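Q: Sharing a structure here in structure tokens format.
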Amino acid sequence: MSIYNAMITILVQNCNLISQSFYDSVINRIQFHQLTCTCGHSACMTIHGYYHRSIKLPDQTSRLRICRVRCSECGKTHALLLSSIVPYSQICTCDQQQICIAFEQHLSAAPVCDSNPEIDENNVKSVLRNYRRHWREMLRSLRIDLSPLITLISSCFANYSDQFMQIRRCTNRFFTYTT
């Protein structure tokens with residue numbers, strides 16, 4: 001496994017809220033000694049750097065500056081993502097969830113596209129293809145509901161160690177903290 005292909009997903013209660021200021025406020029409240037590396041060590045994370053990634057938001061595609069931390073014990077770096085972000089996807093968790101719910105209810109995903117004009121028909125097709133190929137049967141096998149979102153996210157991490165709709169296999173730790 002690459003030492004760069006790992007992440008830590010931080011549970012946020014409001015998965016609809018994504019902005020640089022919200023991301024920064026969550027990261028600034030984290031006490032890094034509480035984070036656990038995928039190697040099992042705690043209290044060993046320091047800020048290593050930042051990278052940019054795009055997220056399709058209702059008013060625009062936004063570039064977020066994502067923090068990376070490095071474990072002083074094993075050298076692995078981890079991106080710090082919010083639970084409102086699906087790894088390697090520009091479409092946020094709540095929009096992907098709403099597209100999947102519409103599919104399961106035999107409804108159009110048009111309301112999702114209407115509420116977020118940055119999401120087009122090709123994005124919807126991609127989300128549904130990934131859902132049908134990777135997630136639908138996994139959720140059904142354990143009777144995990146698509147709603148509420150916080151429960152869906154927690155259940156996916158508890159049972160699969162992945163964020164809901166995470167397709168690319170990489171190590172992903174789930175971090176919950178009290179505010």
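Derivation of every value follows stated rules applied to the coordinates shown; laboratory data play no part. Quick caveat, the model's predicted, so the values are computed rather than measured. We place every Cβ from the backbone using ideal geometry, glycine too, and count neighbours over all the protein chains shown.
Q: Name the residue from 139, 106, 119 whose Cα lies farthest towards the positive end of the charge dipole of region 93-153, charges +1 on Cβ of Lys and Arg and -1 on Cβ of Asp and Glu.
A: Going by the charge dipole, the pick is 139.
Q: On the Cα set of region 93-153, report Rg and Dmax in Å, please.
A: When restricted to the Cα atoms of region 93-153, Rg and Dmax are 11.3, 33 Å.
Q: Moving on to the next point. Can you list the trypsin sites (Lys or Arg not before Pro) in region 133-175 that are in a DSSP coil and have 15 or fewer other beta carbons within 10 angstrom? The partial results should precede the final answer.
A: Numbers: sites: 133, 136, 140, 143, 168, 169, 173; in loops: 143, 168, 169.
Within region 133-175, the qualifying trypsin sites (Lys or Arg not before Pro) (loop, at most 15 other Cβ atoms within 10 Å) are 143, 168, 169.
Q: Another one. Quote the Stokes-Einstein diffusion coefficient, in whole µm² s⁻¹, for the chain, based on the Kirkwood radius over alpha carbon pairs, a temperature of 20 °C and a viscosity of 1.002 mPa s.
A: On the way: Rh = 16.8 Å.
Estimated diffusion coefficient is 128 µm²/s.
Q: Want the number for residue 132 to residue 13: 0.36 nm per residue separation, take away the alpha-carbon distance, what's left? Numbers along the way, then the final one.
A: On the way: separation 119, 0.36 × 119 = 42.84 nm, distance 2.65 nm.
This chain segment gains 40.2 nm when fully extended.
Q: Which of the three applies to region 132-179, rounded, prolate or oblate, going by the alpha-carbon gyration tensor with a ≥ b ≥ c and a/c under 1.5 meaning rounded? Spell out each step's value before the answer.
A: Details: a/c = 2.29, a/b = 1.28, b/c = 1.78.
Cα axes put region 132-179 in the oblate bin.
Q: Could you compute the net charge surrounding residue 88? Neighbours are other residues with a C-beta less than 11 Å from the C-beta of residue 88; K and R count +1, D and E count -1.
A: On the way: positive: 53, 168, 169; negative: none.
Net local charge, residue 88 excluded: +3.
Q: Next up: Per DSSP helix of 4 or more residues, -39500 (n - 2.57); summed, then divided by the residues of the chain. What does that give at 222 nm, rounded to the nearest 500? Kindly include the intermediate steps, with their values, before the conclusion.
A: On the way: 6 runs with 56 residues, N = 179.
Computed ellipticity for the chain at 222 nm equals -9000 deg cm²/dmol.
Q: In the chain, what percentage of the DSSP-assigned beta bridges are antiparallel, given to the nearest 5? Let's see the in-between values first.
A: Working: 15 of 25 bridges.
Taking every DSSP beta bridge within the chain, about 60 percent pair in antiparallel fashion.
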